[in-house]
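Heads up, the thing below is written out as structure tokens.
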Amino acid sequence: MDRFGEVLSVVLGALALAYLIYEIDRRKRKLSDLFHVLGSEEADISAELVGMVESGELQPYTRAGRA
Amino acid sequence: MARSPRRPGSLRRETAEAGLPSSAAVREAGVSDPPIQAVPAPISGNEKPPAASRFRIFIVDSGWNSAARRVLLENFALIRDLQKEDPIYVLNRERSIEFMRRHGSRIGRDPIIAVHDMQALGKGGTTGFHGFRLSLGLLRTPHQALMGLQAFARFLVTHRQSADLEADIRANLRREGLMGAIEIAMHHEAREIGE
């Protein structure tokens, strides 16, 4: 009976640890999805935005411009 | 001349002055309300950002009827006032939709606020680290979206002079991850970003 209790404790402990690791990883991915560092993967997209600014296609937002 | 104290509702009036729909208008308009529109007029007078702005801010919003979008609309004037040193480029609905069509994996994540670090862009172009983006549309509740927007504004203001923005961002993300782990271990509720 004692042996069974020990095994159960180990299994439950392992499950708790696995859940903790899973949850941390899930949150980490969610956070990096939400707040993402721009690097070489986004080079094309960023270049597109830079191009729009440099070509004058995009102008800075101004309240004055609204009047 | 000293500026008069802000009265309740003045932000909404400013938003309306800026051409953005009020929250009531947004609620009434529902799905068909217009997105933030790009302004074709050039910058003028005292509003001109310094020539050497640290950041360039881009807002892409294709117009989903979402809590995140409403929060952005209602707080846009404040965001702009907080970031007055940096130009904000708002892609209009048509441009945003075209953008989303070209980059389909981003659909549903907008409004997206992308920040280009001009210092990093000047050093390595777009091939290395050059800024960050906040996918506000991933935040489903108004409270989460507001927290995200506030964290974004706080980060920009407090890191304007940063010598290594990339290291600061990664350190922040690590800290958030660690705090999240501690909170999971302590059975606390999900932690909002930015605190």
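Taken together, the values in this text are just the output of simple stated rules run on the coordinates, not laboratory data. Nothing here was measured: the structure is a model prediction, and the numbers come from that model. Neighbour counts run over all protein chains shown; Cβ positions are idealised from the backbone, glycine included.
Within the set of other residues whose C-beta is less than 14 Å from the C-beta of residue B:123, count the net charge using Lys and Arg as +1 and Asp and Glu as -1.
My count for the surroundings of residue B:123 gives -2.
According to a simple spin-label model (label point 7 Å from Cα along Cα-to-Cβ), what is the distance in nm between residue B:107 and residue A:54?
So the label points at residue A:54 and residue B:107 sit 3.0 nm apart.
Across peptide B:123-131, what mean number of C-beta atoms from other chains lies inside 10 Å of a residue's C-beta?
Taking all residues of B:123-131 together, the mean is 5.
If neighbour count is taken as other Cβ atoms inside 10 Å, put A:9, A:32 in order from fewest to most.
Listing A:9, A:32 from fewest to most nearby Cβ atoms yields A:9, A:32.
Ranked highest first by average number of other Cβ atoms within 10 Å, how do B:128-140, A:35-47, B:153-165 line up?
Per-residue mean Cβ counts within 10 Å order the peptides as B:128-140, A:35-47, B:153-165.
If you add up the charges near residue A:42, with Lys and Arg at +1 and Asp and Glu at -1, over every other residue whose beta carbon is less than 12 angstrom from its beta carbon, what do you get?
-1
Suppose we take every Cα in chain A and form the convex hull; what volume per residue is that in Å³?
With only Cα atoms used, chain A gives 117 Å³ per residue.
Compute the distance from the alpha-carbon center of the range B:80-119 to that of the range B:120-143, in whole Å.
Measuring centre to centre over Cα atoms gives 9 Å.
Just add up the charged neighbours of residue A:32: K/R +1, D/E -1, any other residue whose Cβ is under 14 Å from the Cβ of residue A:32.
Once all neighbours under 14 Å are counted, the net charge is +4.
Output wanted: per-residue J couplings in Hz (rounded whole) for the range B:80-92, from phi through Karplus 6.51 cos²θ - 1.76 cosθ + 1.60, θ = phi - 60°, x for Gly and Pro.
5, 5, 6, 10, 5, 6, 10, x, 10, 10, 9, 6, 6
Counting only helical runs of four or more DSSP H residues, what would the 222 nm mean residue ellipticity of chain A come to if each run contributes -39,500 (n - 2.57) and the total is spread over all its residues?
Here the helix-only value at 222 nm equals -23500 deg cm²/dmol.
Using only Cα atoms, tell me the angle between helix A:43-54 and the longest principal axis of chain A; keep it within 0 to 90° and round to the nearest 10.
30 degrees
Give me the distance in nm between label points sitting 7 Å out from Cα along the Cα-to-Cβ direction at residue A:44 and residue B:168, one decimal.
3.1 nm
Report, by chain and number, residues whose modeled amide H sits under 5 Å from the one on residue B:90, excluding near sequence neighbours (fewer than 5 apart, same chain).
Amide H neighbours of residue B:90: A:61, B:39, B:59.
Set the Förster distance to 41 Å, then compute FRET efficiency between residue B:64 and residue A:14 from the Cβ-Cβ distance, nearest 0.05.
Efficiency, rounded to the nearest 0.05: 0.45.
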